[in-house]
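Following: one structure in structure tokens, then a few remarks.
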Amino acid sequence: MTRATWQPRPDDAETLRRFFGKDGRLLTIPSKHVKKLVVLNQLAQAFEPGQVYPEREVNEILGRFHDDYAALRRYLYEEGFMMREGGRYWRAGGSVDT
């Protein structure tokens, strides 16, 4: 599994406005890969780099954004935004504020 590196694009803000409600919840999971990556990068921001999370906590955090937290967890892993081992997860990619 490779780490997801993220280069912000000019239309990312519009994508985020389109897929996230005013309450911060994800309205729908994008089917277009590029838009899904924008959303996954945003979700990855909920996890602190260097911190290890048990699966239960990952589910709780992602559940704040969308009811299908299992799909979000799987997409974050498959796209390299998170890594996992032995039921523990950590952030492995995405943009980082400096």
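Odds and ends about this structure:
- Residues within the stretch 26-51 that are exposed (fewer than 13 other Cβ atoms within 10 Å of the Cβ) and in contact (Cβ under 8 Å) with a residue 24 or more places away in the chain, tallied: 4
- Listing of helices (runs of 4 or more DSSP H) fully contained in the stretch 30-95 that carry 2 or more residues being basic (Lys, Arg): 33-44, 69-78
- Residue within the stretch 56-78 that is surrounded by 15 or more Cβ atoms within 10 Å (Cβ to Cβ), acidic (Asp, Glu) and farther than 20 Å from ASP23 by Cα present: no
- Residue within the stretch 1-19 that is modelled with pLDDT of 95 or more, surrounded by fewer than 16 Cβ atoms within 10 Å (Cβ to Cβ) and touching a Lys or Arg at 6+ places or on another chain (Cβ under 9 Å) present: yes
- Residue within the stretch 60-67 that is touching an Asp or Glu at 6+ places or on another chain (Cβ under 9 Å), on the phi < 0 side of the Ramachandran plot, of a type in the set (A, V, I, L, M, F, W, C) and at pLDDT 95 or above present: yes
- Number of positions in the stretch 30-63 that are more than 23 Å from ASP11 (Cα to Cα) and either of a type in the set (A, V, I, L, M) or touching a Gly at 6+ places or on another chain (Cβ under 8 Å) (or both): 6
The values are calculated or read from the model by the stated rules, or taken from the named source; none is laboratory data. Computed from a predicted model, the values in this text were never measured in an experiment. We place every Cβ from the backbone using ideal geometry, glycine too, and count neighbours over all the protein chains shown.
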